[in-house]
Structures are given as structure tokens and as C-alpha cells.
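Reviewing the structure listed below.
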Amino acid sequence: MTVIVKPEHGILYMKVGTHAQETLDSIIARKTKEIEDAGYAMWGYGGNTCHPQTMVQPFAETVIRRGGAIYLCMQEVNSRHFAEQIRAEHYSVNGSKWDLVPSGINVLGSRYALVIDNLRKEEFELPLDRTRVAVGRSMGRVGCAYVKGQVDKACLEVMPASGAAAMHEERQVHIALVADLRTPFAVYLK
């Protein structure tokens, strides 16, 4: 089992693929260059299942406080996200104070972004049946019961093997891409 899937760490699980008319390989190359040039990148996303201020930031801060690390673990899927490639010009940690997105960072067609570094190919099976939702209205729900259908991202904690929910079927997803989240973890975009 990878060092990532440990009870002390936090996992921000996300399905990824084509986004804003750009292939995943192209996005990875662009984000890798942004990290090389700026020291970090912003990985854009939408939806409310991982809201920056009410979900991602509190989750990441709790994991860091208890001495763990927080990882973005991405499952590649066939995506048809063909929205326009509109570049975000501003970002905000709290939705009130806005700053310019640095010129070397391009976030396209997204409402929010995760702040990442150390983007890398890393393949392993993530046992969703050994995770639970860490924040929000579904807090405590077993990951394999939560991540299905249209749910494409989640803030997850890994349960110790003895604490895994035996009543749920074993379910693993293949992770192909990983990044480290860094402060401020997630931001609003406009």
C-alpha cells in the first residue's frame, strides 16, 4: 500500500479528464510547467462537493494540525467537459478579498481551484471502502457509498483496517495522478 493511504493523511479524491476543451495530458504538461516556473499551480474544478471555504480548507487544516499530509489523488475518467477556455483573472481564499492570478498560472473554465505542487504520476488502488467523508453533511459516510453516480470528488479520511466498514462491498478505484496540496489549499476564482 502506498504511503499516501494512511489514517494520518487526508485524501482529496477527484475524477479527472478532458476539461475546458483540453486533454488531461495537456493539462498535466501545463501544470507541471507552472510548478517549475511559479513553485505551485492551481488545479481548477467546479461543483460544491469540495467547496473551498467550507470543505477543503477546514479539512486540510485539520489534517495538517494532526501532523498528516493532504494529497490530491486523481482517477482518470473519460470526460466530456467542453466549456470555454476562459482564464480566471482573480482568486480569493475567503470570497471577499481578491488577488490577481499570477501571470504564469492559467486556470481555465473553473469556479474553484486547488493549490498544488509536486504533481506526479503515481499509480495505486485507493480502497474507497476503507475511507469516510471527512467534512460536510455526509461526514462519516463510507467513501464507496458516497463516491458514485455524479459525485466526482470528495474530502476523505482513511480508516484504520480494523475500523473499515465491513457491511460495505470492497471497492477500489485506480489512481494515476497525485499532487500535494499546499496552503491555502483551495480558492475561489473569477
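Report, to the nearest 10°, how far helix 24-38 tilts away from the longest principal axis of the Cα atoms in the chain, using its own Cα long axis and a range of 0 to 90°. So the helix axis and the longest Cα principal axis differ by about 70 degrees. If you take all other residues with their beta carbon under 15 Å from the beta carbon of Asn78, and give Lys and Arg +1 and Asp and Glu -1, the sum is -2. With a cut-off of 12 Å between beta carbons, the residues surrounding His90 carry a summed charge of +1, where Lys and Arg count +1 and Asp and Glu -1.
Order of 34-41, 4-11 by packing, highest average Cβ count within 10 Å first?
Working: 34-41: 16.8, 4-11: 18.9.
Put in order of decreasing packing, that is 4-11, 34-41.
In this simple spin-label model, placing a label point 7 Å from the Cα along the Cα-to-Cβ direction at both Arg65 and Glu170 gives a separation of 3.6 nm. Residues Leu128, Leu24, ranked from the fewest to the most other C-beta atoms within 10 Å, line up as Leu24, Leu128. Converting phi to 3J(HN,Hα) with the Karplus coefficients 6.51, -1.76 and 1.60 and the offset θ = phi - 60°, the stretch 89-103 yields 9, 10, 9, 8, 7, 10, x, 10, 9, 10, 10, 6, 5, x, 4 Hz in sequence order, with x at every glycine or proline.
State to the nearest 20 debye the size of the charge dipole of the chain about its Cα centre, where the only charges are +1 on K and R beta carbons and -1 on D and E beta carbons. Before the final figure, lay out the partial values.
Details: 22 positive and 21 negative charges, 103 e Å.
In total the dipole reaches around 500 debye.
Charge tally for His51 (other residues, Cβ to Cβ under 13 Å; Lys, Arg +1; Asp, Glu -1): +3.
Sorting check: for 12-23, 141-152, which peptide has the highest mean count of neighbouring beta carbons within 10 Å, and how do the rest follow? All intermediate terms of the calculation are to be shown ahead of the outcome.
Details: 12-23: 18.8, 141-152: 16.9.
Most protected by this proxy first, the peptides run 12-23, 141-152.
Bear in mind these aren't lab numbers, they're just calculated from the coordinates by the rules spelled out. If you're wondering where the values come from, they're calculated on a predicted model, not measured in any experiment. Ideal geometry is used to build each Cβ from the backbone, glycine not excepted, and the neighbour counts take in all protein chains shown.
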